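Asker: Encoded as structure tokens, here's the structure I'll be asking about.
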Amino acid sequence: MDKKVLDWLLEGPSWLRYAVELQLLDTQPDVKPVLQDSSIAGIISRLKGGSAGIPALKTGRVHYTEPAKAYWDLFFLADIGLTVRDLGLESEAEDIFRFQSGNGSFIIPPNVQDNYYCMSAILISSLAMMGYREDPRLGKYIRDILSTQMSNGGWDCYGEDFGRESCPMDNLNILRLLGQYGQYRENPKLHGAIDLLLTHWEERTHLYGFGIGRRFKSLQYPAVKYGIMRVLDVLSLFPYAVDSRAFQSMLDFVHNKAVNGKYFAEATDAAYMEFDFGQMAEPSRWLTFLINRVDRRTGM
């Protein structure tokens, strides 16, 4: 990694420095300054709240497509490398597990059914990253997911296998979860789901309404609606994907957007405007960190 870019990243806010030191420099930084950051404290407070946070999931007012609410706030904190214990969110995490059914799946209002893994996996993969990877309830959820895998290796909310393609969003979100476990990162059973995402990039077709257009190719965080940042990040967890021509093509496409090693957000959401990935006028340390994290995983 370029030293000037690294030094620039380390000049960022405490939560950004924490992510860099923990995930790029392999040190164990002090979490206290992160918890004292007003922006991070605001997200923690929102996650604890009854209007947009985890407690509000039971009301059906929190949808998985809405930024700055429980799904994507937790996603962001997990990406930083924070744990549920760090954040004091243990009781909220238990609130999520209250939606788990007997077979291991999660049924979350307003419309997350037991086979809608693309939705529940957003929350559960974040929990896996935040200290719950070995929790037996996650193991039960994963076994249920694997039991519904289609013959082509992917997943589909409809839960039926008639030889059709699986859903890119299902595959992406499930792979984010499974990629947290060493035993799945090199498991050939996942090659079908990985191949669908890689082929989607190469062929630029429409699958289940998901395309490879301007929105997909724009650098944006969080990529709530299926975007190149999230696809690259998830696939970088799997050596099989990293070794493919399509992955390298996707990564080269992103690298070509760099300006002196720094990356700009190309689409934003006003809900996160207080963060650098919520504005486009200046380069984003967070997006630059995320791309360098992909590079580090892939040996670039």
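Read-outs: derived from the displayed coordinates by stated rules, not from any lab. Nothing here was measured: the structure is a model prediction, and the numbers come from that model. Here Cβ is always computed from backbone atoms with ideal geometry, including for glycine, and neighbour counts include all displayed protein chains.
Asker: Computed over the Cα atoms of segment 104-145, what is the convex hull's projected area averaged over all directions, in nm²?
Answerer: Value for segment 104-145: 2.6 nm².
Asker: Which of the listed residues, 184, 263, 20, is farthest toward the dipole's positive end in the chain, when Lys, Arg count +1 and Asp, Glu count -1 at the beta-carbon?
Answerer: Of the candidates, 263 comes out farthest on the positive side.
Asker: Kirkwood hydrodynamic radius, computed over distinct alpha-carbon pairs, for the chain: how many Å, to one decimal?
Answerer: 19.5
Asker: Around residue 109, with a cut-off of 9 angstrom between Cβ atoms, what is the net charge of the other residues, counting Lys and Arg +1 and Asp and Glu -1?
Answerer: Surrounding charge for residue 109 is +2.
Asker: On to the next question. Take the alpha carbon gyration tensor of segment 183-228, find the square roots of its eigenvalues, order them as a ≥ b ≥ c, and report rounded if a/c is under 1.5; if not, report prolate when a/b exceeds b/c, else oblate.
Answerer: Oblate.
Asker: State which stretch of the chain is the longest one without any exposed trypsin sites (Lys or Arg not before Pro), exposure meaning a DSSP loop state and at most 16 other Cβ atoms within 10 Å.
Answerer: Segment 1-60 is the longest.
Asker: Cα centroids of segment 138-207 and segment 1-74: how far apart, whole angstrom?
Answerer: 27
Asker: For segment 28-160, list log₁₀ I(q)/I(0) at each q in 0.19 Å⁻¹, using the Debye formula over Cα point scatterers of equal strength and ignoring solvent, two decimals each.
Answerer: Evaluating at q = 0.19 Å⁻¹ gives log10 I(q)/I(0) of -1.08.
Asker: Please give the charge dipole size of the chain, origin at the Cα centre, charges +1 on K and R Cβ atoms and -1 on D and E Cβ atoms. Round to the nearest 20 debye.
Answerer: 160
Asker: Give me the mean projected area, in nm² to one decimal, of the convex hull enclosing the Cα positions of segment 162-300.
Answerer: So the Cα hull casts an average projection of 8.8 nm².
Asker: What GluC sites (Glu not before Pro) does segment 165-205 have in DSSP loop regions with at most 11 other beta carbons within 10 Å?
Answerer: Filter output for segment 165-205: 186.
Asker: Does anything in segment 1-27 have its amide N under 20 Å from the 7 Å Cα→Cβ label point of residue 260, and if so which residues?
Answerer: 1-13
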